[in-house]
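Novice: This structure is in structure tokens; I'll ask about it shortly.
The values are calculated or read from the model by the stated rules, or taken from the named source; none is laboratory data. These figures come from a predicted structure and were not determined experimentally. Cβ placement follows ideal geometry from the backbone for every residue including glycine, while neighbour counts extend to all protein chains displayed.
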Amino acid sequence: MSSGKPGILLSNLGTPDSYSVADVRKFLREFLMDPLVIDLPFISRWLLVNLIIAPFRSPKSAAEYQLLWTEQGSPLKTHSLELLNKLTDKLGEQFHLALAMRYQTPSIRNALEELRQKGCEQLLIFPLFPQYAEATTQSVFNKVSDELRLMDWQVNYKKIDSFATDKKFIEAIVSQGEWLKDGSFDHTLFSYHGLPERQLKKKYSACLSKNCCDELTDNNQHCYKAQCEATSSALVEKLGLAEQDYTICFQSRQGKIPWIKPYIEDEITKLAKRGIKNIRVFSPAFVADCLETNIEIAHTYKNLFLSLGGESLTLVESLNSSEGWIEALDNMIVRAMRDN
């Protein structure tokens, strides 16, 4: 029986169920076998993932996840569940909300089943990736479409494909860094998850050419790098930063093929050589703290900077379940469901 309430499906990337090598290997296999993540032919991708990456990377990744883990489990899942609960308290009178991870649990299939059982006749699919990328946002949309077909559920749904410059999203990020006093840092990094250059060029052949990604326009509205630049520009304006006081960079590069530049490790090295001593880091691509923020930035890159003579590298906490983030999501969801 219909409840009359639309359903909101919030989705993030996912996390292993534990930091055991077996669970990390299972997560890596599901994640990396996605053709939008590793865009190779199936046989090549299967051999690479199952015979090379998963067996050899799993022990190292498991050790990193063990460092990341808290008493509550994976921070990504913990913060996401807290977010769901707070958002349900705020919007539960208007909508049914469910949380899914693109990989592992809670699954997209289970979240959709939950919303169907509650009688939802309209859905909003909301991947929590601020900047659109086929490897993240589009992968969620494809998975939802596949699962709805397998469920034989013909339901109308809307999509939010990005929110890179949403005003309240930008304000929420800025508020997360307000505890850092002026003078406690002398440079700001905006660090985004990287992607292979070839994936950007598949979407827009002119991508990465001169000035292509500098400004977000109707012609490149789904360009990941252009959206990262747009997010950074909005943050720079809100923070009142001068051009020489910030750097945009990309992290998490894997393998030897070219990824989006500049690489964070190169920029940290340059800043140390310039005599910069204290760095503040925002990670505007990650709405919840995870391996890439708490381990990669707050440990690996911090240690690199300190080894080069830096004095401090301070990570600004991700949005997690902060009040500003709840307000931003509330605004985006209500607006999306109201608009035709």
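Novice: Report those helices (runs of 4 or more DSSP H) wholly inside region 191-276 carrying at least 2 residues which are at pLDDT below 95 and polar (S, T, N, Q).
Specialist: Fully inside region 191-276 and qualifying: nothing.
Novice: Okay, moving on. For region 1-80, which helices (runs of 4 or more DSSP H) that fit wholly inside it have 1 or more residues that are touching a residue at least 40 places away in the same chain (Cβ under 8 Å)?
Specialist: Because the criterion is at least 1 residues that are touching a residue at least 40 places away in the same chain (Cβ under 8 Å), the helices (runs of 4 or more DSSP H) in region 1-80 that meet it are 21-32, 54-68.
Novice: Another one. Please find, within region 176-185, the residue that is farthest from the chain's Cα centre (by Cα) out of those that are in contact (Cβ under 8 Å) with a residue 60 or more places away in the chain and surrounded by fewer than 16 Cβ atoms within 10 Å (Cβ to Cβ).
Specialist: Restricting to residues being in contact (Cβ under 8 Å) with a residue 60 or more places away in the chain and surrounded by fewer than 16 Cβ atoms within 10 Å (Cβ to Cβ), the top hit is Ser184.
Novice: For region 5-46, which residues satisfy the criterion of being more than 21 Å from the chain's Cα centre (by Cα) and under 22 Å from Trp259 (Cα atoms)?
Specialist: Leu40, Pro41, Phe42, Ser44, Arg45, Trp46
Novice: Moving on. Which condition breaks for Glu147 when tested against (1) closer than 30 Å to Lys277 by Cβ; (2) more than 17 Å from the chain's Cα centre (by Cα)?
Specialist: (1)
Novice: Also, quick follow-up: Please determine, by comparing only the residues of region 216-268 that are under 18 Å from Ala133 (Cβ atoms) and more than 21 Å from the chain's Cα centre (by Cα), which one is surrounded by the fewest Cβ atoms within 10 Å (Cβ to Cβ).
Specialist: Result: Ile257.
Novice: Ok, one more. For region 136-149: of the residues being in contact (Cβ under 8 Å) with a residue 60 or more places away in the chain and surrounded by fewer than 21 Cβ atoms within 10 Å (Cβ to Cβ), which is farthest from Arg109 (Cα to Cα)?
Specialist: Ranking the qualifying residues of region 136-149, first place goes to Gln138.
Novice: Taking the condition crowded, with 19+ Cβ neighbours inside 10 Å and either closer than 30 Å to Gln199 by Cα or in contact with a strand residue (DSSP E or B) (Cβ under 9 Å, 6 or more places away or on another chain) (or both), does Ser58 pass?
Specialist: The answer is yes for Ser58.
Novice: Leu115 fails exactly one of the following numbered conditions: (1) farther than 16 Å from Pro6 by Cα; (2) assigned to a helix (DSSP H, G or I); (3) not β-branched (Val, Ile, Thr). What is the number of that condition?
Specialist: Failing condition for Leu115: (1).
Novice: For region 262-277, enumerate the residues that are within 13 Å of Gly194 (Cα to Cα), in contact (Cβ under 8 Å) with a residue 60 or more places away in the chain and not aliphatic (A, V, I, L, M).
Specialist: If the condition is that a residue be within 13 Å of Gly194 (Cα to Cα), in contact (Cβ under 8 Å) with a residue 60 or more places away in the chain and not aliphatic (A, V, I, L, M), then Tyr263 is the only one that fits.
Novice: Of the conditions (1) more than 23 Å from the chain's Cα centre (by Cα); (2) part of a helix (DSSP H, G or I); (3) crowded, with 17+ Cβ neighbours inside 10 Å, Ala172 fails just one. Which one is it?
Specialist: The single condition Ala172 does not satisfy is (1).
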